[in-house]
Amino acid sequence: MKFCSKQQCFMFSPYNQGYCAWKIGLCDEHTAMRRLMDGIPPFKDKKLHIENLQFEGVTVRLYRPKGVATKLRKGILFIHGGFGMWGSIDSYERTCRCIARESDSVVVSVGYRLSPEYPHSVQFRDCLDATIHFMKNAEDYGVDPERIIISGDSIGGTYATAVCQELVKRTDLPKVRAQILIYPFLQAIDFNLPSHQQNRFVPPFFLRTVEEFSMQFLRKNKSLVKYLRNGSHVPEDLKMKLRKWISPDIIPKEFKLRGYQPPPPVSYSPEIRQEAEVAFETTLSPLIADVDVIRQLPETYILTCEYDIFRDEGLLYKKRLEDKGVPVTWCHLADGFHGIIYYFDIPLLSFLGSKRGMHSIVNFVKRL
């Protein structure tokens, strides 16, 4: 099915179906979203061994091709999306099966604990712990420890980025071979980039909806949103420092054709800065990591979508990595929207962009 209208995307979004189920009293909001994202499980895959395991207390699902391998395979950590509140290893079953099967790799899907039951930072820690366990024991799963790839979708891309940045500081582990970032959320500094303005009313995730979810995830009052949106949490000296990494001036002109208006100046508020201190943590804003960390990062694949409020964050990170000599493979889906990979291979809901994106990801893995 081709992404041919905003209405179609809105209608089929699990969020909107979950919202309706919640409003008519069928269940609470988070339960509705989680059940709908998990969807209907696919049939048994005859080409893969699939098993649920525990890595340092974190639930994971391991996908191993059944064919005989002549050497240790590549290993891929996959961290799912869902705003840190929804999604699961079941939600991305089709995605992980495809990557494992088509690239002849061992895939580990990480079932990190979710908010609001568990506070922010628990999700990142689960992803990091599972990754370190896999890297230390890679050969037990038929994986070459020198060919491990860390990947993630949406906020899973945030965690994948942050995990890779954390691991460059480790000397007791093999180097990560590559990272795959699928429309990642990478910064909470500037919410007035061109893609924020252009796509604020584009389904399935309107900007207002994303802001609301973010406050739920971080356990913050919704009143904080308007101050984050206008940038009151960022002091002027820090804005100047970060301008070389986060600025609409860095975004290529072709991505401003749908309109962009520089926001009016605002006054800095120390009180808002204190309330929004989490925005400056690199586990949530990995785009602002230290230069010494950025230059050590592995080869990177970034997928962006035109109709996505997070599009420009992928573009900014691409530029930052390339400026420090990190090889970047970039795939841009001109008709894509946030969450399009989630729909891959779902009966009646698989968009053409989903297939193109998956094909690009698999080809990247195969050539490593």
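Structure notes:
- Some residue of region 216-225 being touching a residue at least 12 places away in the same chain (Cβ under 8 Å), surrounded by 13 or more Cβ atoms within 10 Å (Cβ to Cβ) and within 27 Å of residue 334 (Cβ to Cβ): no
- Test: residue in region 320-327 that is buried (at least 20 other Cβ atoms within 10 Å of the Cβ), within 25 Å of residue 120 (Cα to Cα) and either touching a residue at least 40 places away in the same chain (Cβ under 8 Å) or in contact with a His (Cβ under 8 Å, 6 or more places away or on another chain) (or both): no
- Flag if residue 339 is at positive phi, touching a helix residue (DSSP H, G or I) at 6+ places or on another chain (Cβ under 9 Å) and surrounded by fewer than 17 Cβ atoms within 10 Å (Cβ to Cβ): no
- Exactly one residue among 249, 190 is assigned to a helix (DSSP H, G or I), touching a Lys or Arg at 6+ places or on another chain (Cβ under 9 Å) and under 25 Å from residue 335 (Cα atoms), and that residue is 249.
- None of 303, 297, 321, 316 is under 18 Å from residue 357 (Cα atoms) and of a type in the set (A, V, I, L, M) except 303.
- Residue list for region 96-149, restricted to those being more than 30 Å from residue 285 (Cβ to Cβ), of a type in the set (A, V, I, L, M, F, W, C) and under 21 Å from the mean Cα position of the chain (by Cα): 98, 100, 106
- Pairs with Cβ under 6 Å, 6+ apart, first in region 291-319 and without any contact (Cβ under 8 Å) to a residue 60 or more places away in the chain, second part of a strand (DSSP E or B) and among the small types (Gly, Ala, Ser): 306/334
- Among (1) free of Cβ contacts under 8 Å to residues at least 60 places away in the same chain; (2) in a loop (DSSP other than H, G, I, E, B) - the single one residue 184 does not satisfy: (1)
- The listed residue being in contact (Cβ under 8 Å) with a residue 40 or more places away in the chain and in contact with a strand residue (DSSP E or B) (Cβ under 7 Å, 6 or more places away or on another chain), out of 350, 360: 360
- Filter pass, residue 266 being touching a Gly at 6+ places or on another chain (Cβ under 8 Å), among the aliphatic types (A, V, I, L, M), within 30 Å of residue 219 (Cα to Cα) and surrounded by fewer than 19 Cβ atoms within 10 Å (Cβ to Cβ): yes
- Hey, residue 337 closer than 29 Å to residue 40 by Cβ, touching a residue at least 60 places away in the same chain (Cβ under 8 Å) and touching a strand residue (DSSP E or B) at 6+ places or on another chain (Cβ under 7 Å) or not: yes
- A residue that is within 20 Å of residue 336 (Cβ to Cβ), touching a strand residue (DSSP E or B) at 6+ places or on another chain (Cβ under 7 Å) and touching a residue at least 40 places away in the same chain (Cβ under 8 Å) occurs somewhere in region 189-200.
- Counting the residues of region 46-68 that are in contact with a Lys or Arg (Cβ under 7 Å, 6 or more places away or on another chain) and not hydroxyl-bearing (Ser, Thr, Tyr) gives 7.
Quick note: the coordinates plus some simple rules give every number you see, no bench work behind them. Keep in mind that this is a model prediction, so the values were computed, not measured. Cβ sites come from the backbone with ideal geometry, for glycine too, and all protein chains shown count toward neighbours.
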